[in-house]
Amino acid sequence: MTKRFFKSKIVHNFSHDPSALAGSFILLVFILAAILAPWIAPQNPYDLTKVSLDAFLKPPIWMEEGQLPFILGTDDQGRCIFSTILYGCRTSLIVGFGVVLVAGTFGIIMGVLAGYYGGIIDSVTMRMADIFFSFSTTLMAFLMLGLFKQRGVMVVIIAICIADWVRYARTMRGSVLEVKEEAYIMAAKATGARDSRLILKHLMPNALPPIFVIMAVDLAVVIMLEATLSFLGVGVPMTEPSLGMMISIGKDYVYAGMWWLVVFPGAALVLLVVGINIFADWLREELNPKIEKER
Amino acid sequence: MVTYITRRLMQGIVVLLAVSFICFIIFRYAGDPVHTLAGRYATFQEQEMVRKAFGLDKPFYIQYTRFLANAAQGNFGKSFVTRVPAFNLILERLPASIELATSAIIISFIVGVGLGVLVSLQPYAMRNRLVMAGSLFGISIPTFLIGILLIMVFCVYLGILPPFGRGETRMIGFWRTGFLTWSGITHLILPAFTLGMYQLAVLLRLTRAGMREVLTKEYIKTAWSKGLPPRKVIFKHALRNVLIPVITMTGLQFGELIAFALVTETIFQWPGTGNLLLTSIYESDQPVIVTYIMLAALIILSLNIIVDILYAYLNPKIRYD
């Protein structure tokens, strides 16, 4: 099984495509940096005993007045920018993967039920999807967080999940409707396979590929969304690190020419999202049979 | 067709009712309105009086029908903070938001679709690969970051454009416009680009993908072999077919536009509805929040219905019965 996977066409194409490799390399670096943050960060920016207000608003070390160990300078509380970015990426990735897993699983289940059984589940799920979609994930998540009184990483994940699962349900339903008509499903049905076996063994493996593209794109979207919500002040609380919050703090200092408070966290965020999007682009072209490859 | 439109309208009304119900729940149970209306230091008797006067002692369904009846007349109560009817507060700021959103849509549509067509003609040329790389950045930079970076470059370092506000405005009837003064237009440039950038990148990518699919079709080959001029083949035969899903997407993404407008307005301190909503959320000003949600729902739903109907007209393959 593993051997078959490593010899498959998709793995071959992946390892021979420079942009796919570059994209996943960027993502991998960020994941490692986030996991290893407590060991590689010069300072834990959210441990008050380690932060000193004396070293506030220091520029990066290659500029005058730069000070070790703050490679990328410090913010208005004397927190090391580089360390805060590492910890902030942690939040970004936790929220990103959390939402993709939870909303994805729930959406896939609802999509399969809606597509396979049709009827009332189908019409209710799809009407809900229409409404959620026209309101857009961003607006829904924002309004929901605006009304919640609690703040925290979990609350952000929940709010985004509530707004986001319909994306998966919709795609999965469409995919299931297509696969359902295939001859091998009919054949499996004719042999008297139970519904559970039919869905898990025959339907799901063939209906899932479009979902992988959605998951990859969604990871990027959710990471940007978390940053946006935290920037607006309805996302993660002040006591948790977040790239969006860093930029929100930094924007007031832009007028004073202190660009490093915005540019470094911004660059980290964009690089992470670009990496994911490059990978998602590759995956989309790879799994789309409509586009013929010419080189 | 008539049955289809009626059915869509009915569905729209059902959705609006659902939204209004949720809004009512928020209004009634997210914080006690008696407390807010009577003031923090009211005695128990005073609180009871307020409860009676505003009908808050009535059963749930009576309160809800009254809320609906008021909402239908645009009456959502007064803002807890400014003591002005919430609806007027939003109406006053609507022109600023609409002007910003329309400018952003126009910019993103013209530039996005135009570039998308250009890029699709030679997808592997170096400069077009660069454009695509640019569009990848366009969808990877969150709106708030674009706004701050633009401010940093054009206001702080170059100092050629104003960083916030709407500049001088003129009143035309009830409509306060910034289009008529030089200062109003210079104030509009950065926010409009900030808001339009994401949409621009999305449209570019959609148009390119659509054009690439369509350009391989038989009827395009036929059009070329007939010896039609490139302009005709590209715009009349290819682009036309690509535009249908592109326009639908634009119409259906309106909710996204509202959300990003909120971010843009906050960064540029644009005196629009999004900015008002954010302030209201910080201050828990429920009437304003509820009015905003209801109004946004109404606009989004109407747009969806219009897009669906247009779609039926544009695409003869679809017949609704």
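No value in this document is a laboratory result; all are computed from the given coordinates. Since we're looking at a predicted model, the values are computed, not measured. Positions of Cβ are generated from backbone atoms using ideal geometry, with glycine treated the same way; all protein chains shown enter the neighbour counts.
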In whole angstrom, and with the biggest value first, how far do the Cα coordinates of the stretch A:94-275 range along each principal axis?
73, 33, 25
Grab the other residues whose beta carbon is less than 13 angstrom from that of A:Cys161, score K and R as +1, D and E as -1, and report the net.
-2
Gyration tensor (alpha-carbon) shape descriptor, the protein assembly as shown, a/c threshold 1.5:
rounded
Given H placed on each backbone N at 1.01 Å, which residues far from A:Thr74 in sequence or on other chains put an amide H within less than 5 Å of it?
A:Leu57, A:Lys58, A:Ile81
In the structure shown, do any of A:Lys9/A:Lys180; A:Lys9/B:Lys217; B:Lys52/B:Lys78; A:Lys7/B:Lys221; A:Lys180/B:Lys232 have a Cα-Cα gap over 29 Å, and if so which?
A:Lys7/B:Lys221; A:Lys180/B:Lys232
Here the stretch B:275-291 yields Karplus 3J(HN,Hα) values (6.51, -1.76, 1.60; θ = phi - 60°; whole Hz; Gly and Pro given as x) of 4, 4, 4, 4, 4, 5, 5, 4, 9, 6, 8, 3, x, 5, 4, 4, 4
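Quick one: in the stretch B:166-216, what % of C-alpha pairs are over 13 Å apart?
68 percent
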Calculate one ³J(HN,Hα) per residue across the stretch B:73-82 by plugging θ = phi - 60° into the Karplus curve 6.51 cos²θ - 1.76 cosθ + 1.60, and present them in order as whole Hz with x for glycine and proline.
9, x, 9, 10, x, 8, 4, 5, 8, 9
Square roots of five times the Cα gyration tensor eigenvalues for the stretch B:114-165, Å:
30, 12, 9
Between A:Tyr253 and B:Glu168, how many nm apart are label points set 7 Å from Cα along the C-beta direction?
3.8 nm
Cα centroids of the stretch A:92-111 and the stretch B:144-176: how far apart, whole angstrom?
38 Å
Fluctuation leader among A:Thr191, A:Thr84, A:Thr228 - chain A, Gaussian network, Cα springs under 10 angstrom
A:Thr191
For a quick check: with amide H placed at 1.01 Å from N, whose amide H comes under 5 Å from B:Trp270's, ignoring anything fewer than 5 positions away on the same chain?
B:Gly165
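At R0 = 35 Å, how high is the FRET efficiency between A:Lys9 and A:Glu181 if r is their beta carbon distance? Nearest 0.05 is fine. Let's see the in-between values first.
Numbers: r = 25 Å, r/R0 = 0.71.
So, using R0 = 35 Å, E works out to roughly 0.90.
How high is the relative contact order of chain B, in percent, with contacts defined as C-alpha pairs under 8 Å that are six or more residues apart? Let's see the in-between values first.
Details: 339 pairs, mean separation 84.2, N = 321.
Worked out over chain B, it gives 26 percent.
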Among rounded, prolate and oblate, which fits chain B when a ≥ b ≥ c are the square roots of the eigenvalues of its C-alpha gyration tensor, a/c under 1.5 means rounded, and a/b larger than b/c means prolate?
oblate
Taking chain B as a Gaussian network, where each spring joins two C-alpha atoms under 10 Å apart, which residue of B:Thr207, B:Thr291, B:Thr65 fluctuates the most?
B:Thr65
Take the alpha carbon atoms of the stretch B:3-17, find their center, do the same for the stretch B:48-113, and report the distance between the two centers in whole angstrom.
22 Å
When chain B is treated as a Gaussian network with springs between alpha carbons less than 10 Å apart, the largest mean-square fluctuation among B:Ala296, B:Ala86, B:Ala223 is found at B:Ala223
Which one of A:Gln150, A:Asn13, A:Ile31 is farthest out on the positive end of the charge dipole of chain A, using unit charges on Cβ (Lys, Arg +1; Asp, Glu -1) and the Cα centre as origin?
A:Asn13
Counting only C-alpha contacts under 8 Å and six or more residues apart, can you give the relative contact order of the stretch A:94-275 as a whole percent?
24 percent
Check B:Lys78: other-chain or 5+ apart residues with amide H under 5 Å from its amide H, H built from backbone geometry?
B:Ala86
Read phi for every residue in the stretch A:26-37 and hand back ³J(HN,Hα) as whole Hz from Karplus 6.51 cos²θ - 1.76 cosθ + 1.60, θ = phi - 60°, with x for Gly and Pro.
4, 4, 5, 4, 5, 5, 4, 4, 5, 5, 8, 3
